[in-house]
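For reference, the structure discussed in these notes is given below.
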Amino acid sequence: MEHLIKEAIRYLGYGKHAVDENTRALISESFADLQQTAERKSIYRIFDIRHTEKICIGTMEVESKNLAKNLKGCEKAVIFGATLGIGVDRLIQRTSITNMAKAVVLQACAAAYLEEYCDICQEKIAEELQKEGKYLRPRFSPGYGDFSLSHQPQLLRMIESAKTIGLTMTDSFLMTPTKSVTALIGVSTTQEPCHRKGCEVCSKKDCLYRRDTL
């Protein structure tokens with residue numbers, strides 16, 4: 001639980017500053033609420049990759065230098081989706097009416113809780129693929145670098161997320177439930193030491209929410 005608390009503190013923007021006891025209590029309380037409310041679900045499917053002037057993943061074509069670098073040497077890619085469920089959205093909405101401070105903390109805790117769930121899911125996928133002598137690259141989501149959010153709807157269609165885990169998207173590219181994520185994960189026959197999370201691949205070194213990667 002301590003690592004989740006640290007992640008929530010980072011999302012709240014405290015950086016390396018000390019957190020007051022009241023905020024820490026709200027964080028612990030929020031994680032307890034999330035554990036009772038969240039209905040964590042995930043889905044993934046594996047597609048072939050073709051490297052041309054664009055990156056062709058299944059039927060999707062992507063023009064992104066950052067994604068191309070991430071998928072270099074990969075012949076397949078996992079399209080992954082995960083959500084905490086609509087109950088978390090409702091919990092945050094209800095809390096914002098009566099206790100805005102806790103609602104803000106809930107948002108941060110939900111982000112940390114979702115990230116942890118994605119890590120768990122990726123580890124399970126990695127274990128299955130390692131049996132075939134294959135290895136995973138870092139998760140790479142629409143919105144990272146020059147990988148446009150406009151590809152989000154097609155990713156959702158390719159994993160049939162509405163039918164499988166109840167994950168949909170609005171016309172303005174907002175996911176419903178909001179505490180959800182999609183990502184591409186390269187599959188390679190070569191094992192490379194690499195991180196899974198976004199801070200290590202982001203060029204914004206002065207970000208308030210940046211994880212210490214040293």
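Computed from the coordinates by the stated procedures, all read-outs in this text should not be read as laboratory data. Just so it is clear, the model here is predicted, and its values are computed rather than measured. For neighbour counting, all protein chains shown are included, and Cβ atoms are generated from backbone atoms with ideal geometry for every residue, glycine included.
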Which value at 222 nm does the chain reach when only helices count, each DSSP H run of 4 or more adding -39,500 (n - 2.57), with the total divided by all residues and rounded to the nearest 500 deg cm²/dmol?
-> -13000 deg cm²/dmol
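With a/c under 1.5 counting as rounded, go ahead and sort the stretch 8-90 into rounded, prolate or oblate using the C-alpha gyration tensor (a ≥ b ≥ c being the square roots of the eigenvalues; past the cut-off, prolate if a/b is larger than b/c, else oblate). Display every interim value, and only then the final one.
Numbers: a/c = 4.37, a/b = 2.02, b/c = 2.17.
Oblate.
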Just add up the charged neighbours of GLN93: K/R +1, D/E -1, any other residue whose Cβ is under 15 Å from the Cβ of GLN93.
-> +2
Can you list the aspartates and glutamates whose alpha carbon is less than 15 Å from that of LYS65, not counting same-chain residues fewer than 8 positions off?
-> GLU53, ASP146
Helix by helix through the chain, keep the DSSP H runs that span 30 Å or more along the axis on Cα and average at least 0.0 on Kyte-Doolittle, and give those back in order.
-> 100-130
ARG50: net charge of surrounding residues, Cβ under 15 Å, Lys/Arg +1, Asp/Glu -1, itself excluded?
-> -2
Listed residues THR164, THR37, THR59; largest mean-square fluctuation, Gaussian network over the chain with Cα springs below 10 Å, found at THR59
What's the longest piece of the chain with no exposed GluC sites (Glu not before Pro), counting a site as exposed if DSSP puts it in a loop and it has at most 11 other beta carbons within 10 Å?
-> 133-214
